[in-house]
Amino acid sequence: MYSIYVIELSKKVFTENKKFREANPQFNGVLECLYVGMTSKTPKERFKQHKYGTLSKKGHNISSKIVQKYGLYLRGSLFNHLDPIKSRAEALKMEKQLALELRRKKYAVWYN
């Protein structure tokens, strides 16, 4: 089973990260900067992995550098209403769908 999660990022990400800024031309600075992801772990466990730079069994960094540097906390109010998803493909689709929905609401959003 997979879960979708949302992490609030420091607004510094918008001024300091060119790729993040370019991905969010709709952002007017009023709402928050967010990261949307999906995981087979609990959102809390995945957030810890991002923050502490966890490596995979093959030695690859599985943390988002954006979350590691700018991640503040989980935003449960933006994802708790979503049910667990059975397939990875469906979870990836839902991750993108939620990210784009939040962008339409004028949040600045990063997702993979």
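Consider residue 98 carefully, then state whether it is closer than 19 Å to residue 42 by Cβ, modelled with pLDDT of 95 or more and surrounded by 20 or more Cβ atoms within 10 Å (Cβ to Cβ).
It is true that residue 98 is closer than 19 Å to residue 42 by Cβ, modelled with pLDDT of 95 or more and surrounded by 20 or more Cβ atoms within 10 Å (Cβ to Cβ).
Residues in the range 49-68: is at least one in contact (Cβ under 8 Å) with a residue 60 or more places away in the chain, surrounded by 12 or more Cβ atoms within 10 Å (Cβ to Cβ) and within 20 Å of residue 108 (Cβ to Cβ)?
Checking the range 49-68: at least one residue is in contact (Cβ under 8 Å) with a residue 60 or more places away in the chain, surrounded by 12 or more Cβ atoms within 10 Å (Cβ to Cβ) and within 20 Å of residue 108 (Cβ to Cβ).
Taken over the range 1-38, the criterion of being under 19 Å from residue 97 (Cα atoms) and polar (S, T, N, Q) is satisfied by 3, 24, 26. Within the range 23-45, residues that are buried (at least 18 other Cβ atoms within 10 Å of the Cβ) have Cβ atoms under 6 Å from residues that are in a loop (DSSP other than H, G, I, E, B) and among the charged types (D, E, K, R) in these pairs: 33/11, counting only partners at least 6 apart in sequence or on another chain.
The values are calculated or read from the model by the stated rules, or taken from the named source; none is laboratory data. As the structure is a computational prediction, the values presented were derived from the model and not from experiment. As a convention, Cβ positions derive from the backbone with ideal geometry for all residues, glycine included, and neighbour counts pool all protein chains shown.
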